[in-house]
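Structure first, then comments.
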């Protein structure tokens, strides 16, 4: 049984437990001189309170440009997945950082982001659907099988083909993202196929359009 599954089993039997902690950082990482791969994440603490699953993330260090956004996205997906497995409502997510930093090579990009935030009248907000209640380990296994095929360019999907695969609509959005990335990486396309972009959730389409020129649509350019 994985540490993640042990924590879930604990929270099923001790509904107010303080022990639902998933450690990531290991003490022996300090034994490696100038370790370039020391874990930035210390651990994730899952807490069930009043029918909701809360999670506290403890970061040893966090890159505010390259790491923070993807970390919060990834960890809150883990929290939501755990809540679905436990049949609980989603609670608060708290992100703590011991040492936050921006690398010198990324300072210009950070300035651009901060300048855009100053000029934007209001943040872009897109409501995204909740993770499907049917999501389970088998769902993730099927998703990973499709991801590997797309990452290795052994398959390519149209939006219609993705709509008929063995995952529900929520996870089909992930496969649409993987297919868009496959086209950029392997096909080296100047324009990701319109059917894939049109099938994406508006928020995901907006994000892709601001990341890659190949994903810009009339809507995504705004």
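The values are calculated or read from the model by the stated rules, or taken from the named source; none is laboratory data. Small disclaimer: the values here were computed from a predicted structure and weren't measured. Note that we place each Cβ from the backbone using ideal geometry, even for glycine, and neighbour counts take in every protein chain shown.
One residue alone among 26, 30, 11, 64 is under 30 Å from residue 87 (Cβ atoms) and either modelled with pLDDT under 95 or touching a helix residue (DSSP H, G or I) at 6+ places or on another chain (Cβ under 9 Å) (or both), and that residue is 11. Of the residues in the range 141-176, how many are free of Cβ contacts under 8 Å to residues at least 12 places away in the same chain and out of contact with any helix residue (DSSP H, G or I) (no Cβ under 7 Å at 6 or more places or on another chain)? Qualifying residue count, the range 141-176: 9. Looking at the structure I just gave you, is residue 204 closer than 22 Å to residue 70 by Cα, in contact with a helix residue (DSSP H, G or I) (Cβ under 8 Å, 6 or more places away or on another chain) and either surrounded by 13 or more Cβ atoms within 10 Å (Cβ to Cβ) or in the same structural domain as residue 89 (by TED's automatic domain parsing) (or both)? The answer is yes for residue 204.
Selection over the range 85-123 of residues that are assigned to a helix (DSSP H, G or I) and within 17 Å of residue 72 (Cβ to Cβ) gives a count of 3. Number of residues in the range 92-116 that are surrounded by fewer than 12 Cβ atoms within 10 Å (Cβ to Cβ), free of Cβ contacts under 8 Å to residues at least 40 places away in the same chain and within 23 Å of residue 45 (Cα to Cα) equals 1. Report every pair of residues separated by at least 6 positions or lying on different chains whose Cβ atoms are under 6 Å apart, first residue within the range 177-194 and closer than 17 Å to residue 163 by Cα, second in a loop (DSSP other than H, G, I, E, B). Partner pairs satisfying both residue conditions: 179/157; 180/192. Kindly provide the set of residues from the range 117-145 that are surrounded by 10 or more Cβ atoms within 10 Å (Cβ to Cβ), at pLDDT below 90 and more than 26 Å from residue 156 (Cα to Cα), ordered by number. Listed by number, the residues that qualify are 124, 126. Can you say whether residue 179 is over 20 Å from residue 78 (Cβ atoms), in a helix (DSSP H, G or I) and either at pLDDT 95 or above or under 19 Å from the mean Cα position of the chain (by Cα) (or both), as far as the supplied structure shows? Spelling it out, residue 179 is indeed over 20 Å from residue 78 (Cβ atoms), in a helix (DSSP H, G or I) and either at pLDDT 95 or above or under 19 Å from the mean Cα position of the chain (by Cα) (or both).
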